[in-house]
Amino acid sequence: MNAWYYGNLLTIQTTLTALLLALSIQIPMRMGVFAFTGVGAFGIAGYSTTILVADHGLGAIPAIIVSAIAAGLICLLWALLVYRLNGLYLAMSTFAFTLIVSVVAVNGGTVTGGPSGRYGVITPFGMGALVTISSIGLVVAALTERGRMGRRIDAVRDDPQLATSLGVSVRRYRLWGFAASGLFGGTAGAMQVLIRTTITPTDIGFHLIVLALTIVVIGGLGSWTGALLGAIVFTWLPQLLTSASEWRDLIYGGVILIAAVVAPGGVHGVVTGWLRGRQRRRRAASGAALPAKIEATEDLGEQMAQARQ
Amino acid sequence: MTATAPGDEAAPLLAVRDVAVHYGGIKAVDGITLDMHPGKIYGIIGPNGSGKSTLLAALTRLVQLTRGEITYAGRDLRRTRASSLAGLGIARTFQTVRLMPGRTVRQNVQLGADVRSEPLRRRLAGLRSAPRSASSSVADAISRTGLAGLDDFRPDELSYGTQRRIEIARAMATEPRLLLLDEPTAGMNGAERLEISQLMRRLSAEGLTQLLVEHDVQMMIDTCDHVFAMAAGTVIAEGAPRDVVRDERVREAYLGTRWHEHA
């Protein structure tokens, strides 16, 4: 057990940062916003943590907090800039946001270390802090799915006009969604640097968008459980497939393809679908059908005539 | 204003003055003036494309006014955000069923009651004024719209007429002062229509002001105190329901010219 734990420590840690990164895309998506700002935030916070720790001697936890809040604010500002866009155009603009972060990282000179990145971000940041912070993130994400806020977020996604008529400021929710994507993505990026002690422009590139999107789509868009399942599967799958050497990418792609075709609602969708089906069957078995409220009575016309008088 | 709407002596809850909504060259609503007094049920009839739904959208701030003004309880609605209206007591239903498919009947109705419940952060800050039971307004709305026993069903398990009742229940759960209903009984059978009509009369007796957009003339006559007939974006006649449907201009606009010669 101990040997296994230490042998796979990096994979376990990466699972947790991948989870927060996936949530950074899922939270705005639950509000109907297709945005990759969380991935850009991952890069921003990764570099800012590097600079704060390596150049200014800040501790790990303060560096995470400062970096995540800064990333959240930058995402909020970006959202204010591109808020008029919609759907695919909005997604493209946030895609541009992550590219800008990459370009700055490559051309940042000694501050970012240029194409070869920075090394030696060494802190006592350990598994305990990583698990605690990730759990807080997961609980916060889970709470937004419950009660009043959960219903209102669903309404913002399903029918913004309806949400507005029920007193929900769609704009305010969506802007918060961007800020949350920055906070979650930023926390993930900051912790990733502290785990690995290094950061390079390739660590924050295009593959992160693919990874985060794969996690939430295959895990299930609707719930944090989907993001958690997806994060576990897609961090461990490449590891398990290393033995398959040259077949690895093919199997990886095949798994995604099959999951997308067989379970379009993701793993989470399969489970909730099964639960609902069971509930329905149980109702049918117990004979509790829909109460027949309106009986077709013969004197219906008479009733209506009376009511009209 | 020449017509005498019921209760003219009191201040109207909603006053619409010369409201117009133009989409480019199309004058969907073009100069409408009307008053709605507390506790009364108003009706709007008119053929498709006469501007009924656009007027409702204008009242709920979903479209911009080209000109005119709307005053609700002494407040200029042009300066009010659309998302603030529910809190001020204006609720509406839509022409089509717009429910959250993944949620149960109770959760859908709860979404309406959420307008009145305090957000978590204020409850945590201890700023909650009086303990309010949001669940009672939900249970009330569910039972009064005849949805009792269906709380845990999902909309797609229920008939179209029942889904429409969920919409009405959701609007009622916001505890409105003004309820705008856009063809609420479309797709319902006669008995269900009668129930909705009777529900509206009871709500009216309790002081709720309502605006009903409806195609069914009989439903209009049974339910409304005062009817506005619209055609081509303007009000062409108004008054007691029976008088309005007998009006020559309304017959021409609504039923087509010369319909009465065959009748």
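Points worth noting:
- Seen from B:Thr145, the other residues with C-beta closer than 10 Å to its C-beta sum to a net charge of +1, counting Lys and Arg as +1 and Asp and Glu as -1.
- For the pair B:Asp76 and A:Thr242, label points projected 7 Å from Cα toward Cβ lie 6.9 nm apart.
- Ordering B:Pro184, A:Ala285, A:Met92 by Cα displacement along the dipole of the protein assembly as shown toward the positive end leaves A:Met92 in first place; charges were set at the Cβ atoms of Lys, Arg (+1) and Asp, Glu (-1).
- Longest DSSP-loop-exposure-free segment, GluC sites (Glu not before Pro), chain A, at most 14 other Cβ within 10 Å: A:1-294
- Kirkwood Rh (inverse of mean 1/r, distinct Cα pairs), the stretch A:2-203, angstrom: 17.3 Å
- Put a dot 7 Å past the Cα of B:Ser143, heading toward its Cβ, do the same for A:Ala263, and the two dots end up 4.2 nm apart.
- Positive dipole terminus of chain A, leading residue within A:Ala179, A:Ala41, A:Cys75 (C-beta point charges): A:Ala179
- Mean separation of Cα pairs under 8 Å and 6 or more residues apart, divided by the residue count, gives chain A a relative contact order of 29 percent.
- To the nearest ten degrees, helix A:127-143 and the longest principal axis of the Cα atoms of chain A are 20 degrees apart.
- Projecting the alpha carbon convex hull of the protein assembly as shown along each direction and taking the average yields 34.2 nm².
- Oblate is the label for the stretch B:36-85. Its Cα gyration tensor axes, ordered a ≥ b ≥ c, give a/c of at least 1.5 and b/c at or above a/b.
- Cβ-placed point charges (K, R +1; D, E -1), dipole of chain B about Cα centre in debye, nearest 20: 1140 debye
- Rounded to the nearest 500, the helix-only mean residue ellipticity at 222 nm of chain B stands at -9500 deg cm²/dmol, with each DSSP H run of n ≥ 4 adding -39,500 (n - 2.57).
- About its Cα centre, the protein assembly as shown has a charge dipole of approximately 1320 debye under the convention of +1 per Lys or Arg Cβ and -1 per Asp or Glu Cβ, with nothing else charged.
- Options B:Tyr23, A:Pro115, B:Val227, ranked by Cα towards positive dipole end of the protein assembly as shown, top entry (Cβ charges): A:Pro115
- Range in chain B, longest, excluding exposed GluC sites (Glu not before Pro) [loop by DSSP; at most 13 other beta-carbon atoms within 10 Å]: B:10-205
- Span from the the stretch B:28-79 Cα centroid across to the the stretch B:146-202 one, whole angstrom: 23 Å
- Angle between chain A longest axis and helix A:37-50 axis [Cα atoms, degrees, rounded to 10]: 30 degrees
- Alpha carbon convex hull of chain B, volume per residue in cubic angstrom: 148 Å³
- Between 0 and 90°, nearest 10: helix A:60-82 axis offset from chain A longest Cα axis: 60 degrees
- Net dipole in debye of the stretch B:164-263 [+1 Lys, Arg Cβ; -1 Asp, Glu Cβ; about Cα centre; nearest 20]: 120 debye
Since every read-out is calculated from the coordinates, none of them should be taken as a lab result. In this text, all values refer to a predicted model and were calculated from it rather than measured experimentally. Here Cβ is always computed from backbone atoms with ideal geometry, including for glycine, and neighbour counts include all displayed protein chains.
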